[in-house]
Amino acid sequence: MQRSRNRSKPSSDDDTNMSAPRKKRARRDQDSEILCDEPSTSQHSSSTSQRNASSRSASLLYEPTLPSGGFDRCGKVISMRLTNFMCHSNFFLSFGPNINFLVGSNGSGKSAVITALALGLTSNARATNRASTIQKLIRNGETSASIEITLSNMGSCRFKPDIYGPHITVVRHIRQSSSTYDIKDAHGKSVSKKLDEIRRMLLRFGIYAENPIFLLNQDAAREFLKTLEPSSNYRLVMKATQLDNCALSLAECHKQRCTFNKELENQELKRNHLKTQLEVEEEKLTALQNKEDFKIKLTEAKATLAWKSVTRFQEELAKFEKSLSLIQAKKTVLDKNTSNKESTQTAFSQQLSELEATKNRIMDAYKAQEAKVRSSRQIVEEKALEAMRLKDQIKNSEQRIKEEEHSLQACQKYVENYHADYTKVNQLKEDHANTLTTLKTEMRKNDELLTKVRDEQLEIKEQISALKEHVEELRNEHNKLQGTKQTFQLEIKSLTRNQTNKLSVYGEQAMHVVNKLRVQYSGPNKCYMPRGPVGQYITVPNPKYRELVENELRSCLNGYIVNSDKDLQSLRVLLHQIYPGGNIPPIYKTPFSDRAYNISKHKVRTTANTTVLIDEICCEDPVVMNYLIDMFRIETVLVTESKATAEFLTSESENVPPNLCRVVVPNLGLEYTPSPNYGVYSKRSIPARYIQVDVHDRIRQLQNDLRSLQEREAPLEANYEQARQKLERAISDIQMKKSIIERYYKENEKAMQKIIDIENYEYQELPEYDRLKTSLADSTEKIQSVQKEREELQKKLMEVQKKITKAVTSQSDEAKILTQITDQVTAVEEESSNLESKIRSLDLHFEENSRNLKKTLELEREFISKQKAMECDLLKAREEAEKLGDFISTNQTEEQIRDEIGSYKSRIKQLEKSTYSIEQVENDVAELRTKLSVQEKEFRIIESVVKKLRMAYHERAQLFQKSRHHYFTMVQFQFEVALGLRNFRVSFNSNYRDKIWDINVYPPSGNETSNTRSLSGGERSFTTVSLLKGLWSTSEHPFYFLDEYDVFTDEVNRKFITQILINEGMDHKKRQYCFLTPQDTEVEASNFIRVHKLEPPER
C-alpha cells in the first residue's frame, strides 16, 4: 500500500492530539486521524518533584512542605502544581528562592511551567502563544484542568497578612465552558474567588505577568533571538518599564482635554447667544418705556440738524472771508514790488555794505574773548583735579584711623580677659582629651567583640542554610523512598500472581482489558479488535537496541489503537471501569489495514556504520507497524554508534541523506537534527520495562531494589532527626548572637556621637600677651600720626577750593561776554541774508509778480460776489432754524443727525404697530438674565477645569519625556557594560518621535555590523542576554523566568552566558530567577542555586 511522501508527523492544537492531514496527502492519509487520550502522569525534579506511579494513594505519601527560608520577598514563587494541564497530569515543582534551572529535553513540559505561571496570574491564552483559548490547554482526554501557584507573602508590601498568612495560593480551575479562580490562605482555606482580589494582590506585590522581560516564553525567546528590529526594541523597552501604560494614560488625558475644550467653546457660543438675546430684549424694554421721549427727541434732532446747517454756513463764510483777506494782502505786496523796484534795490545794497563792515569788527572782538575763556577753563580744571586728589588722601586717612581704632579696642579687650580665658580653655582641652581616650578604648573593645560575634553569626547562618537544605533533602528523600517502596511492593504482588502471563509487566488491569476485548470482538469483528498494549506486538531481534527502541516508542507502549470513534468511546468506558482513579492508558485512533505500508520510496538510505530504526523493529501486526510509521516516522531515523558519523550526516545540508528526520547515538545518549535546523540534544536512557522483559527477572530485580530501600530507610530517619535538632539549636544560637550585636551597636553609636561632638568642639583662640601689648602701642602711635597728616591735607584743600571759586567766577564773566558777541554776529548775518534774498527776489520775480497781480485782482472780484451769495443763504437757514426751535450745541455731524432722525422715526413707527406689553418684556429680560448667570457659572467652571487639565497634561508630558530618557539611558549603559565583558562594542540611535531604538553591535573580531542577523548564533544569544540584563536593571520584579536562552549557542557560549545569568542572580539576591534550557547543564546545585531535571511525561 503506497503512501505519499508529503505526509508529515501528525500535530494538533495541544501537545497530544493530531490534526487532520493536509490536502496534498494520498487518499489513505486523508482518511487517517490519530487521537491520543493522554494518561495523567507527573514529572521528575531533582529537588522536589516526585513521580506518581500507578495508584492515587502513592502521590499522597510525599506531599511537599512549603519552604520558609529565603522567601523573604513578597511575590516569589514557592511552588506550582499542574493537574491535567497540557502534557502534565499531576505535576508538582518546588522552586528555590534565588536561582533555579529547569533542565529537560524537548517535550518534557518546561514551557508548560511558564504558560501555567502566566495563566495562573490572570493572563489570557493568546498572550502565551500556546493556544487561542484556554480550553485547548486541557490535557487530551480530560474535561478539566487546574493550575495552583503558591506565592510568598513575607517581607515588605505584604497583602493582608492577618488574613492570608505567610504565603498565598492562587488556583485557576479550567473547564470546557469557563474558568474560575480561588485564593487560599497559608492553611489551604479558600478566602476569595474574585478576580479583582487577585489583581489587587499582584499590584501590591508588583507582579506584571504579561510583561515579556519577566516571563519570556519559548516562542518569544526564539523570535527575540532572531532579530532586534528598531521599532520592536522601542516597544520592548516601553513595555518593560511600564512606560507604554504611561503613554496610554497621557493620550487619554489629552483626549479628555480636547473634549473639555470643545465643551468650553460650545458654552461660550451659548453665552454669547444669550447676551445678544438679552441686549435685544433690553432695547425693546427701553423703547416701550420711552415712547413719548422718542417724539421729543425727534423734534430736538430736527432743530439740531437745522442749526447744524446754520453753523456750517457760518463756518464756510468765515473761511471764505479769511481767504479773501489773504488775497487782498497778497495784492498789496505784489503792487508794492512792481512799482518801487530800482529805489528799493539801491537802498538794499547800501545796507548790505554797512552790515559787512560791522560783522568784521565784531569777529575781531570774538577771537580775543574766546582766548580768554579757554585760559579760564584750563585753570578751573587744574584746580579741580588737585582738590579731588586731596579729598581722596583725606578719605584714606580717615579709613586708616578707623581701622587702627578698631584694632586698638580689640587689643584692649583681649588684654582685660586674657588670663581668665587662657586657664579655662586649657582645662577644657585636658578634660576632652581624657574623655576621648576612654571612649576610643571602649569602642575598640566593642569592635573586637562585635567582629567576633558577627563572624560567629555568619558562620552559624551559613550552617543554617546548609542545614535547612540538608533537612529538606532528607525529608524529600524519605518521602520518595516510601513511595518507591509501595510501588515496588504492588508491582511484585501483581507479577507474582501472573508469572505465566507476558502481559503481567503491563499490570493486572491490562490483562483484564485484553480478556474483555477478546470476548467483545470474537467472531467476524475480530479483525477490528483494538490493538494493545502496543508493546506486546513489538520485538527487537538485536538485544543492544532493545533499550533504544523502548525509549523511542515509550509513550505508546502501554497504549491502545482503535479503528473508529465508536471503538474509542467503547474502549474508554472499559478502561475507566478497570482503572480506578481515572489514570487510564492512552488511546490512539487510526484506520486499520491488513497490510503494512510500502516505505521503499520514503525510507532513509543507510551509510557506513548506520542502520535504520525500522530495520531493528519486528512487528507482525500491520496495524501497529503502520501506526509506528505514522506516529514516530521510524523509517526516517538513523542509528549509529559514532558521534563523528552523526555530525557529518546532520551538520551540513549537502551531507544530509534524503528523508532523514534525525540521527540517534544510543551509546552516548545524543540525538541530532539535520541542517538547516541543526541541533544536538542529550537523551536520558531508561532500562527496558515492557519489550521482551522476563517476568521472573523483573520480580528478582524489584525484590533486590526493595531490600536496598529498606536498608537505607533506618539510617535515613536517624539522620533526619539529628539534622532537625541541630537546625533548631543553630536558630536559637543566631537569635542570641543577634541581640548581643544590637547591644554592642547601640553602645558604639553613643560613644561615636560623643567623640564627634568633642572633635568638632571649637575652642576660643587666645593670642600671646606680649604681642598684644606691642600691638596696643603701635596702634596708638599710628592713630596720632595719621590724624596730623589729615589736618595738613584739610588745610591745603581749603586753599585750593578758594582758588577754584575765584577761577569759576572769572570764567563765568568771560563766557557771558563771549555769548553777547556771538549773538551780535548771528543778528548781523541774518539781516545780511534777508537783504540778499530781497535783492534776488526783485530781479527774478518782477514779471511773475506783474502776472500774479493781475490774477489776484480778478480773483478778488470773484470772491466778493460769492461772499454776497453766501450771506443770503446764511440768512435763509437762520430763519428756518429759528422756526424749529432755539439753538442746540452738538458734536455730531449732519449725517449722524439724519441717521438719528431716521432711527427715531422707525422706532416710533414700530412702537405704534407693536402689541408687546412692558410686563411681558420685563419677564423675558429677567429670565434671560437668570439663564445668562447660570451659563456664566458653568463657563467659569469648565474654563477652570480646562486650565488645570492643560497644566496637568504639560507636567505629566514633561515627566514622561524625562522618565523615558532616563530609562533608555539606564538600559543603554547596562547593555554596554554587559557587552564589555567580551569586548563587544555597541552604538545606539534613539528616535522618540518615530518610536524606534536602533542597536548596532560590533563583535571583537572587527567585523562591524549594524544588523544582528549577521551575528553568529552564540554572539546573538550573548547580545540578547546582555540586553535583557540591561532591561532587568530598570524594573524591579519578584521573579524573572527565561525560556531557551541558549537555543542557538555552542558549549563555550552556553557556559559563558549561564555564568552571566548566575552572576546576575548573585548580585540581586532579593530577586528570584528561573532559567529553562533543553540542554544538560553542568551547573552545580548549592544553597543559592537549585537545579530541576525534568523527564518527559508518559503520554
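The values are calculated or read from the model by the stated rules, or taken from the named source; none is laboratory data. No experiment lies behind these values; they were computed from the predicted model shown. In this analysis, Cβ positions are derived from the backbone assuming ideal geometry, glycine residues included, and neighbour counts consider all displayed protein chains. Side chains are part of the model used for accessible areas, which takes the heavy atoms of the whole protein and leaves out ligands, DNA and RNA. Shrake-Rupley method; radii C 1.70, N 1.55, O 1.52, S 1.80 Å.
Every residue, every condition in (1) farther than 30 Å from Ile149 by Cα; (2) touching a residue at least 24 places away in the same chain (Cβ under 8 Å); (3) open to solvent by 30 Å² or more (accessible area, probe 1.4 Å), yes or no:
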| residue | (1), (2), (3) |
| --- | --- |
| Val170 | no, yes, no |
| Ser192 | no, no, no |
| Arg199 | no, yes, yes |
| Arg257 | yes, yes, yes |
| Arg271 | yes, yes, yes |
| Glu279 | yes, no, yes |
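Of all strands (runs of 3 or more DSSP E) completely enclosed by the range 158-206, which ones contain at least 2 residues that are farther than 13 Å from Thr122 by Cα?
Working: elements: 167-175, 179-184, 190-192.
Answer list for the range 158-206: 167-175, 190-192.
Among residues that are assigned to a loop (DSSP other than H, G, I, E, B), open to solvent by less than 10 Å² (accessible area, probe 1.4 Å), at pLDDT 80 or above and not charged (D, E, K, R), Gly141 is not included.
A single member of Ile578, Ile614, Ile587 is in contact with a His (Cβ under 6 Å, 6 or more places away or on another chain) and surrounded by 13 or more Cβ atoms within 10 Å (Cβ to Cβ), and it is Ile578. A residue that is farther than 23 Å from Asn525 by Cβ and among the basic types (Lys, Arg) cannot be found anywhere in the range 581-599.
Considering only the range 859-898, state which residues are surrounded by 14 or more Cβ atoms within 10 Å (Cβ to Cβ) and not in a helix (DSSP H, G or I). Matches in the range 859-898: Gly885, Ile888, Thr890, Gln892. In the range 115-135, the qualifying residues are those that are outside any helix (DSSP H, G or I) and under 15 Å from Glu148 (Cβ atoms), and the one that is least open to solvent (accessible area, probe 1.4 Å) is Leu121. Among the residues of the range 670-679, is there at least one that is among the polar types (S, T, N, Q), under 53 Å from the mean Cα position of the chain (by Cα) and not in a loop (DSSP other than H, G, I, E, B)? There is at least one residue in the range 670-679 that is among the polar types (S, T, N, Q), under 53 Å from the mean Cα position of the chain (by Cα) and not in a loop (DSSP other than H, G, I, E, B).
Residues in the range 533-556: is at least one closer than 30 Å to Glu635 by Cα, assigned to a strand (DSSP E or B) and modelled with pLDDT of 85 or more? Looking through the range 533-556, at least one residue is closer than 30 Å to Glu635 by Cα, assigned to a strand (DSSP E or B) and modelled with pLDDT of 85 or more.
All conditions in (1) modelled with pLDDT under 85; (2) within 30 Å of Leu638 (Cα to Cα) hold for Thr500, with the sole exception of (2).
The set of residues in the range 438-489 being within 30 Å of Asp705 (Cα to Cα), hydrophobic (A, V, I, L, M, F, W, C) and either open to solvent by 80 Å² or more (accessible area, probe 1.4 Å) or in contact with a Lys or Arg (Cβ under 8 Å, 6 or more places away or on another chain) (or both) consists of Leu467, Val471, Leu481.
Listed here are the residues, each with its yes/no results for (1) over 30 Å from His470 (Cα atoms); (2) buried (at least 16 other Cβ atoms within 10 Å of the Cβ); (3) touching a His at 6+ places or on another chain (Cβ under 7 Å); (4) at pLDDT below 85.
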residue	(1), (2), (3), (4)
Gly679	yes, yes, no, no
Ser685	no, no, no, yes
Val693	yes, yes, no, yes
His696	yes, no, no, yes
Glu711	no, no, no, yes
Met736	no, no, no, no
Ser739	no, no, no, no
Ile758	yes, no, yes, yes
Leu766	yes, yes, no, yes
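Of the residues examined, Lys603 is one that is among the charged types (D, E, K, R) and touching a strand residue (DSSP E or B) at 6+ places or on another chain (Cβ under 7 Å). Restricted to the range 524-575, and to residues there that are of a type in the set (Phe, Trp, Tyr) and surrounded by 18 or more Cβ atoms within 10 Å (Cβ to Cβ), the residue that is farthest from the chain's Cα centre (by Cα) is Tyr537. Applying the set (1) over 22 Å from the mean Cα position of the chain (by Cα); (2) at pLDDT 75 or above to Asn233 leaves exactly one unmet item: (1). Just give me the residues in the range 308-330 being touching a residue at least 24 places away in the same chain (Cβ under 8 Å) and either open to solvent by 60 Å² or more (accessible area, probe 1.4 Å) or not in a helix (DSSP H, G or I) (or both), in sequence order. If the condition is that a residue be touching a residue at least 24 places away in the same chain (Cβ under 8 Å) and either open to solvent by 60 Å² or more (accessible area, probe 1.4 Å) or not in a helix (DSSP H, G or I) (or both), then Arg312, Gln314, Glu316, Glu321, Gln328, Lys330 are the ones that fit. Of the residues that make up the range 213-222, is at least one part of a strand (DSSP E or B), open to solvent by less than 60 Å² (accessible area, probe 1.4 Å) and within 30 Å of Phe988 (Cα to Cα)? Yes - at least one qualifying residue is present in the range 213-222. Of note, Gly96 does not satisfy the criterion of being assigned to a loop (DSSP other than H, G, I, E, B), in contact with a helix residue (DSSP H, G or I) (Cβ under 8 Å, 6 or more places away or on another chain) and open to solvent by less than 10 Å² (accessible area, probe 1.4 Å).
Evaluate the following for Tyr745: is it outside any helix (DSSP H, G or I), over 30 Å from Leu553 (Cβ atoms), out of contact with any Leu (no Cβ under 6 Å at 6 or more places or on another chain) and of a type in the set (Phe, Trp, Tyr)? It is false that Tyr745 is outside any helix (DSSP H, G or I), over 30 Å from Leu553 (Cβ atoms), out of contact with any Leu (no Cβ under 6 Å at 6 or more places or on another chain) and of a type in the set (Phe, Trp, Tyr). Pairs meeting the criteria (first residue in the range 868-880 and over 17 Å from Glu315 (Cβ atoms), second residue aliphatic (A, V, I, L, M), beta carbons under 7 Å, at least 6 apart or on different chains) are Glu880/Ala306.
Kindly indicate whether Ala145 is under 30 Å from Arg572 (Cα atoms) and out of contact with any strand residue (DSSP E or B) (no Cβ under 8 Å at 6 or more places or on another chain). Taking the combined requirement at face value, the residue does not satisfy it.
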